[in-house]
Amino acid sequence: MAAQSNLAWRHKKAAFFKNFCIGVTGFAVLILCLLIYQVSVLGLPWLDAQFLSSFPSRFPEKAGIKSALMGTLWLVSMTAAIAIPIGVLAAVYLEEYAKPTRLTEFININIANLAGVPSIVYGILGLAIFVRFFQLERSVLSGAMTMSLLILPVIIIASKESIRAVPGSLRQAAFAVGATRWQVIRAHVLPSALPGILTGVILAISRAIGETAPLIMIGALTYVAFVPEGPMDEFTALPIQIFNWTSRPQQEFHELASAGIVVLLLVLLMMNAVAVYIRYRGTRIK
Amino acid sequence: MSSEENVILNIDDACISYGGDLAVRNVSLQIFEKKITAIIGPSGCGKSTLLRSLNRMNDFIHGCEQSGRISFRDEDLYGDKMDPVEVRLRIGMVFQRPNPFPKSIYRNVAWGPDINGLEGDLDDRVEKALRQSALWDEVKDRLHESALNLSGGQQQRLCIARALAMEPEIILMDEPCSALDPVSTARIEDLLFELKENYTIVIVTHNMQQAARVSQHTAFLENGVLVEYGDTEEVFTNPKNKRTEEYVTGRFG
Amino acid sequence: MKTVKPRYLENSLQVVFFMCAAISTITTVAVIGILAFETWGFLQHVSIVEFLFGTRWSPLLHPKSYGLLPLLAGTTLIVVGASLVALPIGLACAIYLSEYAGERARNVLKPVLEVLAGIPTVVYGFFALTFVTPILRTVLPQTDVFNAASAAIVVGIMVLPMVASLCDDAFRAVPDNLREGAYSLGATSFEVTTRVVVPAGLSGVFAAFVLAISRAIGETMAVTLAAGATPNLTLNPLESIQTMTAYIVQVSLGDTPAGTLTYQTLFAVAAVLFLVTLCLNIAANMIMKRFQEVYE
């Protein structure tokens, strides 16, 4: 039979291809390790209490990330306060109230497309609307509102998926005992959907922590030697500080940037771990 | 069983387990060349598992373990020298649900011969297989349309044609009519009659009329144990075992 | 029976919820409105022909010139380079994940991909500048300190997790009985993967590729840090270039008064960026929808 003659060759091809895919995947993991290694080696020696509690400085040995860390904290808290309720309620509307009209479909498609708009375009929007038009200047509030617009699609999409996964029988059971729509949602739908919503929210917030470009657009200052005390204060943020240090030519500042990156990645990794934990518990309960 | 029949597959004391659960227990039976052998039994009795072990499709299931010996033309089917890919190109299979590739009708049938580099004209091979599976007249004018546009029964006959195009030595059929309506089922049974002159077929079915109509030999499996095996007529009209009698007369199962 | 409770609360809640959902639409309208308004102002001073086909971009230095092509060339270099890195590697990772990896390997690799996807872009920029560029300059000494290649490689690494997980989704949506059908015809794993699974998941793969390209076009921090700030009409990846996004950052790092022509260039460039990525995203969503319909 002709087929057998080339079987050995076909097996070789298959084995080669499998090993190739394994090798490439290993290579991708290796790059992640390299990145983390590179950053840690440069940054860890600088990472101490002084670094966390000092303001930025022209002198590397005196520089720290206090204002950046506090700025990020302000920014993220306000962003969360704005974006989470709006995002979740929007998802509730789209999944529980909206009838399948053209308008609803348009809103849904629009959200999907907004999720793919480059972050810098949101920055331009924030610059034109919040900073210039509403004259909120370069405040934490401007930054938080810009960031909120950026992460809203992420929150809405994750919440929608989670709400959609709640079985319809649960709603019908609640309606059957005379609950109003809002009572059904508050007492049954939202609690069931909570793990999924929380996971989406955490991932969205992580994104807000790491985003740099929109903040540069609205002019978050790169040299701020104070901690914001109110929503109208100017601010800097961790990624901005990292950007600033990275863009300087001196090696010491690059090392400072690495130290900042280590802090940033630790924060993000913790958020990720929380998300994984919630997802794990969520699936276990089901 | 008459002596002129050649044994093509010899299953000797086969045990198959999934992650520790025994699905097939100490089954020994022989499959004869150019005959149709039916494997019947209640759902979950291990008949599909047994069938899938005959062309090593169980290799893909994690935690599936097998003991005993299955020999194909006197060679160990699970021996070191046996290549599972070669096993499958010599022993074809038709599945419970029609599973045509999302390609054209023509490409579906030509796919196997093509990747295996079988000799001869591909067009002729495709036409022959489609004629054998009684699908040619229905599809000859739309060979290059998607196979997914065919009806369920047509899709299943296409899958049979796909297996036939490889000119396999044995065709395994795993409840090929269970997802089909009665009319499509009847067409496939007619097809089996035509094929039995030239092919060795092992068919798993839970439909006893089907087994009685199409097969020469019937094996009855229950809880992974081979209860009875013999000529189909014997098994259905004069079963030796009480369980078999109860099952074929419809008193349980 | 008691009187029926008034439904004011229910109704007003519904209005509030609708407003929340409408914010997304308002955002889109605002983006389009602002970009259109300022771009219109810009086009009063610069002809659209010069803007789109001019070969010199120099809005900050005299003699001023507003030809977008150098920025487009810069963005193209990044996109092509990033695609060369992300598409093949991402595809191979996805094939490994869906066709070869065992349960345990998947459980390790999926979170690794998520971590990789969650690393902020500024970190990738840092990695490009302090790690990739020095390597490139050692291997190819003619490489500029700021160069397209380094940024492109890093942008490729950045979008790789997205490509891998979207392709993985597409392959896992291919029903197992197709794989079984192919194996039962005597196919090897290579043939099953390349001739059944990948073709069946092809629209998902295309969608992933289009989204990756869209992400690479909009990527900002890595290119700002590593690719330079030289609008340069070149296709040599070892030279310093500037992308559309990097230009926007460059201008906004300075303090540009509203209403000036330079201020308006921000919006004109952003309008092009927005249009291109929007078209790509719409295309990807349409392709994705098609592939979901195939098996449902």
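The values are calculated or read from the model by the stated rules, or taken from the named source; none is laboratory data. The shown structure was predicted, so the numbers you read here are calculated from the model rather than taken from an experiment. All Cβ positions, even for glycine, are placed from backbone atoms using ideal geometry, and neighbour counts span all protein chains on display.
Quick look at the values:
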read-out	value
Subset of segment B:211-238 (residues that are in contact (Cβ under 8 Å) with a residue 12 or more places away in the chain and in a loop (DSSP other than H, G, I, E, B))	B:S215, B:Q216, B:N223, B:G224
Unmet requirement for A:L264, which otherwise passes all of (1) at positive phi; (2) at the interface with chain C (Cβ under 9 Å from one of its Cβ atoms)	(1)
Segment A:201-221, residues that are part of a loop (DSSP other than H, G, I, E, B) and at pLDDT 90 or above	A:E211, A:T212
Selection from segment B:58-97 of residues that are more than 9 Å from every other protein chain (Cβ to nearest Cβ) and in a loop (DSSP other than H, G, I, E, B)	B:I61, B:G63, B:R73, B:D74, B:L77, B:Y78, B:G79, B:D80, B:K81, B:M82
Residue check, A:S57 of a type in the set (S, T, Y), part of a helix (DSSP H, G or I) and more than 10 Å from chain C (Cβ to nearest Cβ)	no
Verdict on C:A36 being surrounded by fewer than 14 Cβ atoms within 10 Å (Cβ to Cβ), touching a residue at least 40 places away in the same chain (Cβ under 8 Å), part of a helix (DSSP H, G or I) and more than 9 Å from every other protein chain (Cβ to nearest Cβ)	yes
Of all residues in segment B:105-138 being more than 28 Å from A:N6 (Cα to Cα) and surrounded by 23 or more Cβ atoms within 10 Å (Cβ to Cβ), the one that is nearest to the other protein chains (Cβ to nearest Cβ)	B:S133
Residue match in segment A:90-104 (condition: assigned to a helix (DSSP H, G or I) and under 19 Å from the mean Cα position of the chain (by Cα))	yes
Cβ pairs under 6 Å, 6+ apart, first in segment A:183-194 and farther than 17 Å from C:Q14 by Cα, second among the small types (G, A, S)	A:H188/A:A174; A:A193/A:S162
Test: residue in segment B:192-200 that is closer than 25 Å to B:G112 by Cα, surrounded by 18 or more Cβ atoms within 10 Å (Cβ to Cβ) and of a type in the set (F, W, Y)	yes
Output for segment A:241-255, where each listed residue is farther than 19 Å from A:A225 by Cα and touching a residue at least 60 places away in the same chain (Cβ under 8 Å)	A:Q250, A:E252, A:H254, A:E255
Within segment C:166-195, tally of residues that are closer than 17 Å to B:G117 by Cα and of a type in the set (V, I, T)	3
Test: C:G102 is out of contact with any strand residue (DSSP E or B) (no Cβ under 8 Å at 6 or more places or on another chain), within 14 Å of chain A (Cβ to nearest Cβ), small (G, A, S) and under 26 Å from A:L268 (Cα atoms)	no
Unique residue being touching a residue at least 60 places away in the same chain (Cβ under 8 Å), under 20 Å from A:A115 (Cβ atoms) and more than 9 Å from every other protein chain (Cβ to nearest Cβ) when the list is C:I241, C:I213, C:I217	C:I213
